[in-house]
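Bear in mind that the values in this text are calculations on the coordinates, not laboratory data. This one's a predicted model, so the numbers in the text were calculated from it and none came from an experiment. Because the Cβ atoms are built from the backbone with ideal geometry, glycine has one as well, and the counts that use them run over all protein chains shown.
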Amino acid sequence: MKYIWTEDTGAGLHFWELANQHLFHGSFIVESKGSNQGLLDAVRQLVPKEGDRYYLAFDIVYDNMDVVNKYLELRELVAVYAKQIVILDIICFEHIILSFSKLIEWTGTGKKDKIAMREVVLSTIEDHKIDIDRIVDRKTREYLVGFKRYSTERVIKAITYELTENDKWNVKGKRMGDCWYQDCCVSKNMKKTKCGLHERMSGENKIMKLLKDKESQRIEAILYKGER
């Protein structure tokens, strides 16, 4: 059996379920462990059966020491079964969304300040963290300083949620917003609809665009190897 274990619940879990459905035709069993601690606890108890493979979607950020400590322990546990347990190279689910090349176009967001910050943040992420020293934009630096408990993951989540605040594009709830994976609707008044898609697209086409985008494909590459 092949498993994808994620720390995400809600929309993040839904993303992996959609990836399993549309990319891998249901060949993986997707399970949420509720949190990074829950995922770590599950791996502590894991003794894989012969032929089983586990792929771990564990959020990795190097400017959160609690996460770093859990990740270091997770790596030690995984090393015991290196051929059967693999940690995916992921920052967080929201980073996949924020990096999506069609995000601004599709959502139709008008938040110019957050659109600009998105570009700055994405361009300065290196080794799973934002390199603050490379940020010269005053507004972005002030925004980062405003976080009471700063981390790269929290910044990414905050900007992503603002850019996808429309319910139909939302990635904060129990599932991804309908517009990510369902056929486009027909609106009589586009001015009242926060959507940048002016031509109808099928749900299959939209979710595949996301799943085949650059960041998604980089992360999913190891899963394709597991298919062989």
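The figures follow:
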read-out: Difference of contour (0.36 nm per residue) and Cα-Cα distance, ASP89 to LEU122; value: 10.3 nm
read-out: MRE, 222 nm, helices only [DSSP H, n ≥ 4, -39500 (n - 2.57), over the chain, to nearest 500]; value: -14000 deg cm²/dmol
read-out: Distance in nm between pseudo-label sites at CYS185 and TYR3 (7 Å out along the Cβ direction from Cα); value: 3.8
read-out: Entries of LYS172/LYS209; LYS139/LYS206; LYS49/LYS214; LYS157/LYS225; LYS139/LYS168; LYS2/LYS33 with Cα pairs more than 25 Å apart; value: LYS139/LYS206; LYS49/LYS214; LYS157/LYS225; LYS139/LYS168
read-out: Residue among ILE115, ILE60, ILE135 with the largest mean-square fluctuation in a Gaussian network model of the chain, springs linking Cα atoms under 10 Å; value: ILE135
read-out: Difference of contour (0.36 nm per residue) and Cα-Cα distance, ARG218 to GLU204; value: 3.0 nm
read-out: The chain, relative contact order in percent, only Cα pairs under 8 angstrom and at least six apart counted; value: 22
read-out: Percentage relative contact order, segment 93-211, counting C-alpha pairs under 8 Å, at least six apart; value: 31
read-out: Computed lengthening from ASN166 to LYS225, 0.36 nm per intervening residue step minus Cα-Cα distance; value: 17.7 nm
read-out: Cut-off under 5 Å, modelled amide H: who pairs with ILE29 long-range; value: LYS2, TYR3, ILE4
read-out: Sites LEU77 and ASP133, calculated FRET efficiency, Cβ-Cβ separation with R0 45 Å, nearest 0.05; value: 0.85
read-out: Square roots of five times the Cα gyration tensor eigenvalues for segment 93-211, Å; value: 28, 15, 12
read-out: Candidates GLU153, GLU199, GLU215, ranked by Gaussian network fluctuation over the chain, Cα under 10 Å, top entry; value: GLU199
